[in-house]
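Colleague: Here it is, the structure in full.
The values are calculated or read from the model by the stated rules, or taken from the named source; none is laboratory data. Just so you know, these numbers come straight off a predicted model, no measurement behind them. Neighbour counts run over all protein chains shown; Cβ positions are idealised from the backbone, glycine included. For accessibility, only protein heavy atoms count, side chains too; no ligands or nucleic acids. Shrake-Rupley method; radii C 1.70, N 1.55, O 1.52, S 1.80 Å.
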Amino acid sequence: MRISELSAETGVPVATIKYYLRERLLPEGERTSATQAVYGAAHVERLRLIRALVDAGVGVAAARQVLGALDDPPENPSHLLGMAHAAVSPSIDGDLDLTAAQALIRRWGWDPDVCGPQQIAGVARALDGIERGGFAVPETTMTAYLAGIRQMVEAEIDAIPTASAGDAVRYVVLGTVLVEPLLLALRRVAEELVSGERFGASDT
């Protein structure tokens, strides 16, 4: 198919496809002349993946890292997680105090030294925002958070495909990038449902 047909198939404007080609997010098509190329099913799949990443808030540079992991997968699943997290995590603020975050992770029974620094910084940044906002997570609630997250993550890790590194990369990377918005949305739905059960349904 030509680029106009690729655009029609995926719903991505031609100008955007050309931008992805320039940024090397999307591989070149097969050249039929100096100014023409044809594209196949692999380009459709790749373009839909790029759009899913972008729609999830992943920037071009991070999307390139994610796609690179899919194209050249490491064999160790732990390395996959590190690559996925690095692609979607903000940079580390050198002035950020990590003490509270490290203490929280130790409560989990884990050694924070084996966690990626970006992930520790993410916890620290979130805790700092909570404190600056004048809010405190109740102790019983935090304990429930840790227990629930541990159970959720164990299920995710158990489901990592082991037949091929490529399948594992796709599961880990896309699960990291694309599922987090779903988890947040489900949390909000559950809050409304449980609140209605406890306090009665809202009249609005």
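Colleague: Yes or no: region 42-50 includes at least one residue that is out of contact with any strand residue (DSSP E or B) (no Cβ under 9 Å at 6 or more places or on another chain) and closer than 22 Å to residue 159 by Cα.
Modeller: Checked against the condition, which is being out of contact with any strand residue (DSSP E or B) (no Cβ under 9 Å at 6 or more places or on another chain) and closer than 22 Å to residue 159 by Cα, region 42-50 yields at least one hit.
Colleague: Could I ask something else about it? Take residue 130 and tell me if it is in contact with a Cys (Cβ under 7 Å, 6 or more places away or on another chain), under 27 Å from residue 58 (Cβ atoms) and without any contact (Cβ under 8 Å) to a residue 60 or more places away in the chain.
Modeller: Considered against the rule, which asks whether it is in contact with a Cys (Cβ under 7 Å, 6 or more places away or on another chain), under 27 Å from residue 58 (Cβ atoms) and without any contact (Cβ under 8 Å) to a residue 60 or more places away in the chain, residue 130 comes out as no.
Colleague: Further question: Quick one: would you say residue 113 is in a helix (DSSP H, G or I), among the charged types (D, E, K, R) and open to solvent by less than 70 Å² (accessible area, probe 1.4 Å)?
Modeller: Values: in a helix (DSSP H, G or I): yes; among the charged types (D, E, K, R): yes; open to solvent by less than 70 Å² (accessible area, probe 1.4 Å): no.
When the stated conditions are applied, residue 113 does not pass them.
Colleague: Given the residues 100, 190, which is the only one that is over 30 Å from residue 50 (Cβ atoms) and in contact with a helix residue (DSSP H, G or I) (Cβ under 7 Å, 6 or more places away or on another chain)?
Modeller: That would be 100, the only listed residue that is over 30 Å from residue 50 (Cβ atoms) and in contact with a helix residue (DSSP H, G or I) (Cβ under 7 Å, 6 or more places away or on another chain).
Colleague: If only one of 21, 47, 53 is at pLDDT below 85 and either closer than 16 Å to residue 170 by Cβ or in contact with an Asp or Glu (Cβ under 7 Å, 6 or more places away or on another chain) (or both), which one is it? Before you say what the answer is, go through the steps one by one.
Modeller: Values: 21 fails: at pLDDT below 85; 47 fails: at pLDDT below 85.
When all the criteria are applied, what remains is 53.
Colleague: Answer with yes or no whether residue 177 is modelled with pLDDT of 90 or more and surrounded by 14 or more Cβ atoms within 10 Å (Cβ to Cβ).
Modeller: When the stated conditions are applied, residue 177 does not pass them.
Colleague: Oh, and also: State all residues of region 33-47 that are assigned to a loop (DSSP other than H, G, I, E, B) and closer than 12 Å to residue 3 by Cα; if no residue qualifies, say none.
Modeller: Passing the criteria: 35, 36, 39, 40.
Colleague: Name, by its number, the condition in (1) in contact (Cβ under 8 Å) with a residue 60 or more places away in the chain; (2) open to solvent by less than 40 Å² (accessible area, probe 1.4 Å); (3) in a helix (DSSP H, G or I) that does not hold for residue 170.
Modeller: Of (1) in contact (Cβ under 8 Å) with a residue 60 or more places away in the chain; (2) open to solvent by less than 40 Å² (accessible area, probe 1.4 Å); (3) in a helix (DSSP H, G or I), only one is false for residue 170: (2).
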